[in-house]
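The values are calculated or read from the model by the stated rules, or taken from the named source; none is laboratory data. It should be emphasised that the depicted structure is a prediction, and the values quoted were computed from it without experimental measurement. Counting neighbours? That spans all protein chains shown, and the Cβs are built from the backbone with ideal geometry, glycine included.
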Amino acid sequence: MYIGVIYSATDSVLHGREIEELADSEIWDTAVAVKSVLEEKGHQVDLVPFEASQVEGLVKYEWIFNLAETVRGFPLAEYEVAVKLEELGIPFTGCGSETLLACVHKSSAKTQIQKYGILTPRFQKVNPGEKIETRLEFPLIVKPDHEDGSIGIKNDSVVQSMAELTRKISEIHHDYEQAALIEEFIDGRDITASLIGNGDNLTVLPLSEIIFSEDYVGPKILTFEEKWVAESQAYQKSVSQCPCSLEESSRAEINTIAKKLFNIFGCRDYAIVDFRLKGDIPYVIEVNPNPCINPINSGFITAGAVYGFNYDEIIIEILNHSMLNRNKVREG
């Protein structure tokens, strides 16, 4: 096939968020890796930096491998990219616009999760300009309401008092110009479920856990530094363990919840669901559609490797599931 691998690219730098440029290079590296895999399988492939003004030019491709993400300075949200592809009827991998929109606003997604009787930490959204008050129980964790990749999550994101909460919310409002999500902090194990496929062919890959060293300083949370800054303490003193050690009953419960949420949110092809364990009780933190599939530092790719996939196989699996799902929709 003739495939376009689209990715988001920008040369602008948002003041105060320069460190987030580290996440941008991952997008380019992933795009190059995906292109290489598809070409090795005989496809004709172009790397295409996504530009809304030129989206109609994408109709020449038989399929789009969608790697467009919201990065610093990029003018469109992920769901807006998907909207433009859908409007032109261009088939693409990964989740559709409705799913991406539903998941990008964390507070709205958590409300949806609660409607289905699934546990998620008690939470509250605080918009810019609103009075800061809460009945939630400390400690709390504070994060931007619609960012991903751990953007905006730092060591001081876990707060113990109203003074700390007020300061952190004000920082989110100022730096990210959006609502702050505050939720009761679950001081427990950090478990990730990676899913690939659709419908009856949906598979939960081996579960993973972030393990922190005993001398780690600060709250044990997945900060931006832990994920992206190799020279940081957070990065050097934490590792992803896959498969993680869990009782079979807990593993089965997490797998069941992850599959249920994949379908509730209408995810397609691949996604991740993040959990925190309170004792042996799983609480859903968030649903992440179209997660990172970088060949070097992706938890999703690691889980796939433990399952038995090499990198090439995962990329082809995503493409094949995308094609099969679209054909089923057409037949339906």
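Residue by residue, here is whether (1) aliphatic (A, V, I, L, M); (2) in a loop (DSSP other than H, G, I, E, B) holds:
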| residue | (1), (2) |
| --- | --- |
| Leu101 | yes, no |
| Ser108 | no, no |
| Pro121 | no, yes |
| Pro128 | no, yes |
| Ile153 | yes, yes |
Report summary line: For Gln160, the lone unmet condition from (1) over 18 Å from the mean Cα position of the chain (by Cα); (2) in the same structural domain as Asp274 (by TED's automatic domain parsing) is (2)
Report summary line: Residue set Leu165, Leu85; condition of a type outside the set (Ser, Thr, Tyr), within 20 Å of Asn288 (Cβ to Cβ) and part of a helix (DSSP H, G or I); output residue Leu85
Query raised in the report: In the stretch 168-181, what count of residues is obtained for those that are under 26 Å from Ile293 (Cα atoms) and more than 20 Å from the chain's Cα centre (by Cα)?
Result: 0
Query raised in the report: Which one of Ser194, Ser245, Ser232 is buried (at least 16 other Cβ atoms within 10 Å of the Cβ), free of Cβ contacts under 8 Å to residues at least 40 places away in the same chain and not β-branched (Val, Ile, Thr)?
Result: Ser232
Report task. Using the structure shown, decide if Asp187 is at pLDDT below 95, under 16 Å from Ile221 (Cβ atoms) and over 19 Å from the mean Cα position of the chain (by Cα). Result -> yes
**Report entry** Complete set of residues in the stretch 29-64 that are among the acidic types (Asp, Glu) and either in contact (Cβ under 8 Å) with a residue 60 or more places away in the chain or touching a helix residue (DSSP H, G or I) at 6+ places or on another chain (Cβ under 7 Å) (or both)
**Finding:** Asp29, Glu40, Glu62
**Report entry** Residue satisfying condition, being over 19 Å from the mean Cα position of the chain (by Cα) and crowded, with 20+ Cβ neighbours inside 10 Å, within set Val81, Val126, Val59
**Finding:** Val126
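Conditions tested, residue by residue: (1) among the charged types (D, E, K, R); (2) under 24 Å from Phe309 (Cβ atoms); (3) at pLDDT 95 or above.
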position	(1), (2), (3)
Pro243	no, yes, yes
Arg251	yes, yes, yes
Lys260	yes, yes, yes
Phe265	no, yes, yes
Tyr270	no, yes, yes
Phe275	no, yes, yes
Ile281	no, no, yes
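Quick grid of which residues meet (1) out of contact with any Asp or Glu (no Cβ under 9 Å at 6 or more places or on another chain); (2) touching a residue at least 60 places away in the same chain (Cβ under 8 Å); (3) crowded, with 20+ Cβ neighbours inside 10 Å:
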site: Ala68; (1), (2), (3): no, yes, yes
site: Cys103; (1), (2), (3): no, yes, yes
site: Gly117; (1), (2), (3): yes, no, no
site: Lys131; (1), (2), (3): yes, no, no
site: Leu140; (1), (2), (3): no, no, yes
site: Val158; (1), (2), (3): no, yes, yes
site: Met162; (1), (2), (3): no, no, no
Query raised in the report: For the stretch 194-227, which residues satisfy the criterion of being outside any helix (DSSP H, G or I) and touching a Phe, Trp or Tyr at 6+ places or on another chain (Cβ under 7 Å)?
Result: Ser194, Leu195, Ile196, Leu202, Leu205, Pro206, Lys220
Requested in this report: Consider Ile153 carefully, then state whether it is surrounded by 18 or more Cβ atoms within 10 Å (Cβ to Cβ) and at pLDDT below 95.
Outcome: yes
Requested in this report: Determine, yes or no, whether Lys110 is crowded, with 21+ Cβ neighbours inside 10 Å, within 20 Å of the chain's Cα centre (by Cα) and not assigned by TED's automatic domain parsing to the domain that holds Met323.
Outcome: yes
Requested in this report: Residue by residue through the stretch 298-315, note down the ones that are buried (at least 17 other Cβ atoms within 10 Å of the Cβ) and closer than 20 Å to Ala31 by Cβ.
Outcome: Ser298, Gly299, Phe300, Ile301, Thr302, Gly304, Phe309, Tyr311, Ile314, Ile315
